[in-house]
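Participant: My questions will all concern the structure given below.
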Amino acid sequence: MFCSHKQSSLAKMAAPESGFGRSFQHANPSLPSSIPKAFFKSYVCHPTRPLYVSSSLNNFNFVEEEPKEKLSVKCNAYQSRRSEPLQMGLEFVSQQLEQIDTQKLKIGIYFATWWALNVVFNIYNKKVLNAFPFPWLISTLALASGSLMMLVSWASGVVEAPKTDLDFWKALFPVAVAHTIGHVAATVSMSKVAVSFTHIIKSGEPAFSVLVSRFLLGETFPLPVYLSLVPIIGGCALAAVTELNFNMIGFMGAMISNLAFVFRNIFSKKGMKGKSVGGMNYYACLSMMSLMILTPFTLVAEGPKMWAAGWDSAVSQVGPQFIRWVVAQSVFYHLYNQVSYMSLNEISPLTFSIGNTMKRISVIVTSIIIFSTPIQPVNALGAAIAVLGTFLYSQAKQ
């Protein structure tokens, strides 16, 4: 016997707080008493596909006298376009729980790798800039290294090459322009001030995001979002005023980087919506276009003659290991950005924002320890307030 039923209201019935969820557990006492909501969501029937119920009745007696054998009924539910019954047993529950644990482990590995790569990049980047103060060339080498790595990966088949068209590259161009400006400005800042100071100022990026979105795009935000900007702006201002080695170029570089990355995110959200390229391939394409944009400006801003003199001086002071520093700085720059884009594909924007805040804390603390950066208590307080404000912003934004 077969029958079908359109599932106009089945989706609501499958919630754990509904009667379906309670009766399902009641009818299956072998199931755990605390099944997560994610389990019930995982087997919710599609609301637009019919549900076919098949039943086979064995030994059914239609005579009025009492049947001699016990009635046995077997009933299976089949969703449209499925050849197997929906699994609702204990084994299915354990599979769902295992998938949730695997996803959590995967996200944890992404975060740990992202933070570690970013810390290593910042250390090598500052070492290179201390010996070779040419931020435009260093920025270009970082983009060139990542572009070369991805081209080799595509050519060798390690990574599947993305399928792009002219519309994709047109939409990517404004994103690449903003990315290039933000990248160079941050490198210029780090060449003039301590790594910790640059990242303290860069923690003020949410303030730029809200102000640009409000006054240029006309977006509005709830009151908690605006209130979260108070500790961000106040903490950055306190850290800047009390910075022992304050440099205006370094300060402005960090501020320009904040503004540029805000526009990069806006252009990316608006222009890249609906595009199929994502994750590491998206960042690879972004790096290649940024490299083409940046190269001519780098030649004009610094030039080969300055590089040659500066390179000889750096090698004579540091030794052959300077070359290893440059290679490490370039490679780790691409890797940490690639992992961050890969993790963004796996997690929500809120989780990514929290992870970015924690990453900035790890970079600030590590750089202060590695480079023995002098810091006053009031300066540390300003940094803590700014980072806390960033965390509050990520919570209020949701």
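The values are calculated or read from the model by the stated rules, or taken from the named source; none is laboratory data. Model, not experiment: these values are computed from the prediction. Methodologically, a virtual Cβ is constructed for each residue, glycine included, from the backbone with ideal geometry; neighbour enumeration extends over all protein chains shown. Please note that ligands, DNA and RNA were not included when accessible areas were found on the heavy atoms of the full protein model with its side chains. Shrake-Rupley method; radii C 1.70, N 1.55, O 1.52, S 1.80 Å.
Participant: Of LYS106/LYS170; LYS104/LYS192; LYS269/LYS359; LYS126/LYS270, which ones are farther than 29 Å apart at the Cα?
Facilitator: LYS106/LYS170; LYS104/LYS192; LYS126/LYS270
Participant: Another question, then. Counting Lys +1, Arg +1, Asp -1, Glu -1, what net charge surrounds TYR336 among other residues with beta carbon under 14 Å of its beta carbon?
Facilitator: +2
Participant: Taking just the alpha carbons, could you work out the radius of gyration and Dmax for the range 103-235, both in angstroms?
Facilitator: Final numbers for Rg and Dmax: 18.6, 52 Å.
Participant: May I ask for the net charge around TRP325, where only other residues with Cβ less than 13 Å from the Cβ of TRP325 are counted and Lys, Arg are +1 while Asp, Glu are -1?
Facilitator: +3
Participant: Another question about this same structure. Heavy-atom accessible area of ILE181 with all protein chains present, probe 1.4 Å, nearest 10 Å²?
Facilitator: Number for this one is 90 Å².
Participant: Give, rounded to the nearest 20 debye, the magnitude of the charge dipole that the range 114-397 has about its Cα centre when Lys and Arg contribute +1 at Cβ and Asp and Glu contribute -1 at Cβ.
Facilitator: 180
Participant: Which one of VAL159, VAL119, ILE107 has its Cα pushed farthest toward the positive end of the charge dipole of the range 86-235, where Lys and Arg give +1 and Asp and Glu give -1 at the Cβ?
Facilitator: VAL119
Participant: Taking square-rooted eigenvalues a ≥ b ≥ c of the alpha carbon gyration tensor, is the range 267-339 rounded, prolate or oblate, where a/c under 1.5 means rounded and, failing that, a/b exceeding b/c means prolate?
Facilitator: Here the range 267-339 falls in the oblate category.
Participant: Between PHE371 and TRP307, what is the FRET efficiency for a Förster distance of 22 Å, r being their Cβ-Cβ separation, to the nearest 0.05?
Facilitator: Calculated transfer efficiency: 0.35.
Participant: Using the Cα atoms as the points, what is the convex hull volume per residue of the range 114-397 in Å³?
Facilitator: Given the Cα convex hull of the range 114-397, per-residue volume reads 135 Å³.
Participant: Along the Cα-to-C-beta direction of GLU219, a point sits 7 Å from the Cα; which residues of the range 383-397 have their amide N less than 12 Å from that point?
Facilitator: The answer is 397, whose backbone nitrogens lie closer than 12 Å to the label point.
Participant: At 0.36 nm per residue, minus the direct Cα-Cα distance, what do ILE249 and ILE107 gain on full extension? Give it in nm, one decimal, please.
Facilitator: Going from the current span to full extension adds 47.4 nm.
Participant: TRP115 accessible area, nearest 10 Å², 1.4 Å probe?
Facilitator: Roughly 70 Å² of TRP115 is accessible to a 1.4 Å probe.
Participant: So what's the net charge close to VAL387: Lys and Arg +1, Asp and Glu -1, counting the other residues with Cβ under 14 Å from its Cβ?
Facilitator: +2
Participant: Next up: What accessible area, in Å² to the nearest ten, does a 1.4 Å probe give for GLU219?
Facilitator: Probe radius 1.4 Å; accessible area of GLU219 about 80 Å².
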